[in-house]
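Asks: Quick one: the structure is below, questions incoming.
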Amino acid sequence: MQQILDTVTSFDGALVLAPDASSGAPELAWGDYFFYYAPDGRVPANGQPYATIVTKNYPGDTGSDLDGDDRWRVNVHVGRAAFERLTSHGGGTDPAEPDVVLPHPVYGRQGWIAVVNPGERTSAQVLKLLRDAHERARARALRKLG
């Protein structure tokens, strides 16, 4: 996880939110991470993160079994075309299987992938997907500025 956090933090204009008890965020979000393109250091108005790391099960999202020791999941919005390319290979289908690119168990239809505990098979790919997602978020922000 630290490699992902260090990499995303190095991206130009990256904002990594890590809610805790002092942040005012709901307790459910404490310990998780939310990645934005935000060169001014503020969460974009009407903006969603382009990626997240979750460290526990959420209501309606328990299939990845994140409540176990040392389990976490990185989620990346890759867009529909990349989603189809990444998930149509006939790979794993168990949302709890580690180190496999899978459709996000809740937001897959919106072009999100998920990887539980990225490892040898997926770490490099996940870092590339995060960079690509950051660049898409950056391009959207720049288009809005005109």
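Each value in this text was obtained by applying a stated rule to the coordinates, not by laboratory testing. Just so you know, these numbers come straight off a predicted model, no measurement behind them. Cβ atoms come from the backbone with ideal geometry, glycine included; neighbour counts cover every protein chain shown.
Asks: Express in whole angstrom the spacing between the alpha-carbon centres of region 95-145 and region 4-74.
Replies: With region 95-145 and region 4-74 each reduced to a Cα centre, they are spaced 13 Å.
Asks: In terms of the ratio Rg/(2.2 N^0.38 Å) built on C-alpha atoms, what value belongs to region 2-145? Can you show the working numbers first?
Replies: Details: Rg = 14.7 Å, N = 144, 2.2 N^0.38 = 14.5 Å.
Relative to the 2.2 N^0.38 Å estimate, region 2-145 comes out at 1.01.
Asks: Apply the Karplus curve 6.51 cos²θ - 1.76 cosθ + 1.60, θ = phi - 60°, to the phi angles in region 112-129 and return the couplings in whole Hz, x for Gly and Pro.
Replies: In residue order, the calculated couplings are 9, 10, 9, 9, 7, 6, x, x, 4, 6, 10, 4, 4, 5, 4, 4, 5, 4 Hz.
Asks: Can you compute the helix-only [θ] at 222 nm over the chain? Use -39500 (n - 2.57) per DSSP H run of at least 4 residues, normalise by all residues, nearest 500 deg cm²/dmol. Intermediate values should be presented prior to the final figure.
Replies: Working: 3 runs with 40 residues, N = 146.
Taking each H run of at least 4 residues, the total per residue is -8500 deg cm²/dmol.
Asks: Using DSSP, restrict attention to beta bridges with both residues in region 2-145 and report what percent are antiparallel, rounded to the nearest 5. It would help to have the intermediate numbers written out before the result.
Replies: Working: 19 of 20 bridges.
Given both bridge residues lie in region 2-145, the antiparallel proportion sits at roughly 95 percent.
Asks: How big is the charge dipole of region 49-131 about its Cα centre, in debye rounded to the nearest 20, if each Lys and Arg gets +1 on its Cβ and each Asp and Glu gets -1 on its Cβ?
Replies: On the way: 9 positive and 10 negative charges, 103 e Å.
Around 500 debye, computed over region 49-131.
Asks: Running a GNM on the chain with Cα contacts under 10 Å, which residue among Gly111, Gly63, Gly24 ends up with the highest mean-square fluctuation?
Replies: Gly24
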